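Student: Submitted below is the structure of interest, expressed as C-alpha cells.
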Amino acid sequence: MKRLLILILYLAGTVGTIAQAQFSDKTDDNEQIILISDMQLQIDINQAMNDLYNFKFAKAEQQFRWLKQKYGWHPLPYFLLGLSEWWKIMPNVNNTAHDENFLAYMDTVITISERLYEIPRHEVEASFFLAAAYGFKGRLYSSEERKHWTKSAFAGKNALKYMQESKGMDDLSPELLFGDGLYNYFSVWVPENYPLLKPILAFFPKGDKALGIKQLREVSYNAFYTRTEAMVFLMRILANYEDDMPRALQISEYLHQTYPDNPYFHRYYARLLYSSGKFSSTKPVAEEIMARIDSGMLGYEATSGRYAAFFLGQIYETRKDNEKAKYYYLRAKEFAEQIEATDTGYYLYSLLSLGEIYQEEGDEKEAKKYLKLVKKHARRKDAVHAKARERLREF
C-alpha cells in the first residue's frame, strides 16, 4: 500500500553532488537555447540515446560527457548520465551498486534546475527536469530493496509540484506530456483497485485513464528523451492492467528488436510471448537469454534467468521431455535462490513441477523433497501450497 501511495506522488508528475557542474551567475548566449526542444542537439546525440538503451553505456556516456562540457550550465547532460545509471539498475532493481552515482546525478539535476528555474525563459523546461529528477529518485527509494518511504514521499511530493507547473505546456516539447500521461492513468487506476486510498487521492487533481494512455502513446511517437521510457510504461500498462496483450506484445517486440542487447526488454519480450501462448516463439528467445547469461553478457543475470529457465521448463514439460524440463526447472530454482526470490511464482511452480515430474517417474524421495520445499516457501492460502499438499497425500 505504501508503494502505491508513493507511486501516485511520483506519477503525478560519485558521492554527493557531481563536482564538475558548471555553475555561474552570468547568463551567456548559450543559455538562450531551450535544449529540451533543440532539434540539432537531438540529431547529435541520437546514437548516444540508442547506445544507452542498448546497454552500450561507455559509448553513450562518452557522448553525454561531451554534452556536459558544452552545456554544463544545463541539467540535461547530468540527467542523461543519471539515466544511464538507472538502466544499469533496471535488470535487477535489488542491486544497489549504482545507487550512489544515480542519486548524485539526479541531485545535480535538481541543483542546476533550481538555478535555471529563476530564468523566466527556462522556467517550464526547468520544471520538467525537476519533476523528472524527483520522480526517478522516488521510484528508486520505493523499491523493495530500499523501502525508503519517507524519502520517496518527499521526492514524490516535489515531482508533483513541478509537474503541475509544466502541465499543459507540451507545445514547448512533447517530453512534457510524459508526466501528465502517467498521472492521468495511475491517479484513476490506483483508487479503482485500492479503494482505501480514495480519501487521500481526493485532494489530487482528477485524472483520466484513457487520456493517460493516449498521452503516453503520443510521447512514444513524438518525444525524444522520454520516448523509450513512455513505451516501457505503456507496454506494462497494456499488459498488466488493460488486458491488451496484442498491443503490449507489439511494443515489447519493437523494443527488443530496436535494442537487442537490453536484457530488460529481452526478458519482457519473452514473458509476453509466453503469456500470449506463443511457445514456439518463446523458446528461441528464452534460449538466447540463457546463452547470454552463461557467457556473462552485460546485464544478463539471475532475474532474467529465472524467467527464461521457467519458460523453457514449461515448454519441455509440455513436450514430455522430462530431462530437459528438470534441467531448466532446476536452473530457475537456482536463479531465484541467488536473488532471494523464493516467494515468487516462478520459484514455487518450478519446485512443484519438479515434484510432479519425479512423482510420475516413480522417484518418491525426490518428489517429496521438492513438494515439501513448496510447502516451506509458499503461503498456506496459495494455490501452489494446496497443490503440493494434494500431491503429498498421494504417497
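The values are calculated or read from the model by the stated rules, or taken from the named source; none is laboratory data. Fair warning: this is a prediction, and the values are worked out from it, not measured in the lab. Glycine also receives a Cβ, built like all others from the backbone with ideal geometry; neighbour counts cover every protein chain displayed.
Student: Take the residues of segment 348-379 that are in contact with a His (Cβ under 7 Å, 6 or more places away or on another chain) and in a helix (DSSP H, G or I): which is farthest from E317 (Cα to Cα)?
Tutor: Only one residue fits best here, namely K375.
Student: OK, next. All but one of (1) surrounded by 22 or more Cβ atoms within 10 Å (Cβ to Cβ); (2) closer than 28 Å to N92 by Cβ hold for F57; which doesn't?
Tutor: It is condition (1) that F57 fails.
Student: Within segment 313-347, track down each residue that is among the hydrophobic types (A, V, I, L, M, F, W, C) and either at pLDDT below 95 or part of a loop (DSSP other than H, G, I, E, B) (or both).
Tutor: Hits for segment 313-347 are I339, A341.
Student: So A308 ticks every box in (1) surrounded by fewer than 19 Cβ atoms within 10 Å (Cβ to Cβ); (2) closer than 21 Å to L272 by Cα but one. Which box is left unticked?
Tutor: Only one criterion in (1) surrounded by fewer than 19 Cβ atoms within 10 Å (Cβ to Cβ); (2) closer than 21 Å to L272 by Cα is unmet by A308, namely (1).
Student: Can you tell me which of S113, S84 is within 15 Å of the chain's Cα centre (by Cα) and part of a helix (DSSP H, G or I)?
Tutor: Just a single option satisfies the conditions, and that option is S84.
Student: Here's another thing I want to ask about it. Does L80 satisfy being within 20 Å of R227 (Cβ to Cβ) and modelled with pLDDT of 95 or more?
Tutor: yes
Student: Has segment 256-270 got any residue that is under 26 Å from Q314 (Cβ atoms), polar (S, T, N, Q) and either outside the structural domain of E301 (by TED's automatic domain parsing) or not in a loop (DSSP other than H, G, I, E, B) (or both)?
Tutor: Within segment 256-270, one or more residues are under 26 Å from Q314 (Cβ atoms), polar (S, T, N, Q) and either outside the structural domain of E301 (by TED's automatic domain parsing) or not in a loop (DSSP other than H, G, I, E, B) (or both).
Student: Is there any pair linking a residue in segment 98-122 that is closer than 18 Å to L83 by Cβ to one that is among the aromatic types (F, W, Y), with Cβ under 6 Å and at least six apart or on different chains, and which?
Tutor: Here the result reads F102/W86; Y105/Y78; M106/F136; T108/Y78; V109/Y78; V109/F79; V109/F129; S113/F129, each pair linking segment 98-122 to a residue that is among the aromatic types (F, W, Y).
Student: Moving on. Pairs only if they're at least six apart or on different chains, beta carbon under 6 angstrom, first in segment 187-213 and closer than 19 Å to Y241 by Cα, second modelled with pLDDT under 85 and loosely packed, with under 13 Cβ neighbours inside 10 Å; list them, first residue then second.
Tutor: Partner pairs satisfying both residue conditions: P191/K198.
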